[in-house]
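Undergrad: Got a structure for you, questions after.
Readers should treat all values here as calculations from the given coordinates under stated rules, not as data from a laboratory. In this text, all values refer to a predicted model and were calculated from it rather than measured experimentally. Note that we place each Cβ from the backbone using ideal geometry, even for glycine, and neighbour counts take in every protein chain shown.
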Amino acid sequence: MRHRVAKKKLDRNKAHRKALYRNLVTALFEHERIETTLAKAKAVRPVAEKLITIARRGDLHSRRLTAAYILDKEVAKKLFHEIAPRYKDRPGGYTRILKLGRRQGDGAEMAILELVE
């Protein structure tokens with residue numbers, strides 16, 4: 001039974017799942033819109049929201065916390081200089097998931113994960 005188990009495993013071990021989340025969040029902040037499966041979009045959304053909330057503070061500690069998760073320095077810089085100031089007065093809900101339908105090859109539910117304007 002899966003009582004009180006909050007996260008989806010996405011058929012990956014912990015290290016692979018962490019790398020997947022890092023790559024998807026980095027791509028989201030770099031392009032501000034990514035197309036992925038619905039399950040991955042739902043799993044990555046809270047991670048992206050928390051990183052934006054941390055980046056909104058803008059202090060040294062928040063920079064170090066985000067740098068530990070986002071490995072691309074240019075994307076981290078973009079997060080602090082472009083993305084975080086955009087949401088300074090917004091209390092949350094920085095991302096949006098749009099469903100696209102099923103993928104041709106395997107029938108997986110596809111979605112677009114994007115940053116809200």
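Undergrad: Over all directions, what mean area does the Cα convex hull of region 8-84 project, stated in square nanometres? All intermediate terms of the calculation are to be shown ahead of the outcome.
TA: Working: hull surface 19.4 nm².
With the hull built on Cα positions only, its mean projection is 4.8 nm².
Undergrad: Could you work out the relative contact order of region 1-98, using alpha carbon pairs under 8 angstrom and six or more residues apart, expressed as a whole percent? Before the final figure, lay out each step's value.
TA: Numbers: 63 pairs, mean separation 29.4, N = 98.
After rounding, I find 30 percent.
Undergrad: About the Cα centre, and with charges only on the beta carbon of Lys, Arg (+1) and Asp, Glu (-1), how big is the dipole of the chain? Nearest 20 debye, please.
TA: With only Lys, Arg, Asp and Glu charged at Cβ, the dipole is about 660 debye.
Undergrad: How large is ³J(HN,Hα) for each residue in region 50-64, as worked out from phi by the Karplus curve 6.51 cos²θ - 1.76 cosθ + 1.60 (θ = phi - 60°), to whole Hz, x for Gly and Pro?
TA: 5, 5, 5, 4, 5, 5, 4, 5, x, 8, 5, 5, 5, 5, 6
Undergrad: Same structure again: So if R0 is 22 Å, what FRET efficiency would ARG4 and LYS73 give, r being the distance between their Cβ atoms, rounded to the nearest 0.05? Don't skip to the end; give the middle numbers.
TA: Values: r = 38 Å, r/R0 = 1.73.
My answer for the efficiency is 0.05.
Undergrad: While we're looking at this one, here's another question. In straight Cα distance, which lysines are under 23 Å from LYS77, not counting same-chain residues fewer than 8 positions off?
TA: Straight-distance partners of LYS77: LYS18, LYS50, LYS88.
Undergrad: What angle do you read, to the nearest 10 degrees and between 0 and 90, between the alpha-carbon axis of helix 14-31 and the longest principal axis of the chain?
TA: So the inclination is approximately 60 degrees.
Undergrad: Now a separate question. Any idea how far apart GLU30 and ILE97 come out in nm if each label point goes 7 Å out from Cα toward Cβ?
TA: Distance between label points: 2.3 nm.
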